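Below is one structure, written out as C-alpha cells; the observations come after it.
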Amino acid sequence: MALSLVAGCPWVLNEQDSRGRTPLLAACYAGRSDCAQLLIESGSNIFACDKDGNGVLHLAAINGHTQLLQLLLLKAEAQAITPQLTAAVNLSGFSPLHYAAFAGNAACVRALLAAGVDALQGSWGEYDRSACQETQCLLTHAHCSLLRASPRMP
C-alpha cells in the first residue's frame, strides 16, 4: 500500500516538515531502517538536509542507529556516492563522524571509519590535523567516542 501511495504522489518523497525533514530524514532520525530502505528505493533524495543541515548519516549517527547507518552506507556505496555523503557537514560544521563521536556511539564511528571516512575529517579545515601536529596528540574523533563510552573514573 505504501508503494501505491508514493506512486500516486511522488512529490511526497521529498516534502519537508517544519524542521525541514523529509520522510527519509524522519525515518533516519527514528532509526527506521525498513522505512528508509523503502523510501530510498522509491526515489527519495538521499542528499536531503533538514534546516540545520543534517543529512541522513548525521541523524543516524547522532542517535546511534548503527544498523541504519550501515544500510545507508551500503546504498551510498552501490550508487558510488559514499565520499560525498560521508563528507557532508551541517550548518554548524559537523560531519556524521563528529556526531557519532560526540554522542559516544562507537559502533557508528567504526562503521563510518570502515566506509573510508578520514578519522581527522573536519569542517575546520586543517584545524584537526594541525592541532594534532602541534600538540603531537593522537586523539581523534574515534578516540573521543571510545572515551565517552568508557566507565567513568571515581
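Things worth noting here:
- Residue in region 83-95 that is part of a helix (DSSP H, G or I), in contact (Cβ under 8 Å) with a residue 12 or more places away in the chain and buried (at least 17 other Cβ atoms within 10 Å of the Cβ) present: yes
- Region 69-121, residues that are under 19 Å from residue 29 (Cα atoms) and of a type in the set (Val, Ile, Thr): 86, 89, 109
- In summary, residue 113 fulfils each of the numbered conditions (1) surrounded by fewer than 22 Cβ atoms within 10 Å (Cβ to Cβ); (2) of a type in the set (A, V, I, L, M, F, W, C); (3) outside any helix (DSSP H, G or I) with the single exception of condition (3).
Every read-out reported here was derived from the displayed coordinates using simple, explicitly stated rules and does not represent laboratory data. Keep in mind it's a predicted model, so treat the numbers as computed, not measured. Quick reminder, even Gly has a Cβ in these numbers, built from the backbone with ideal geometry, and neighbours come from all protein chains shown.
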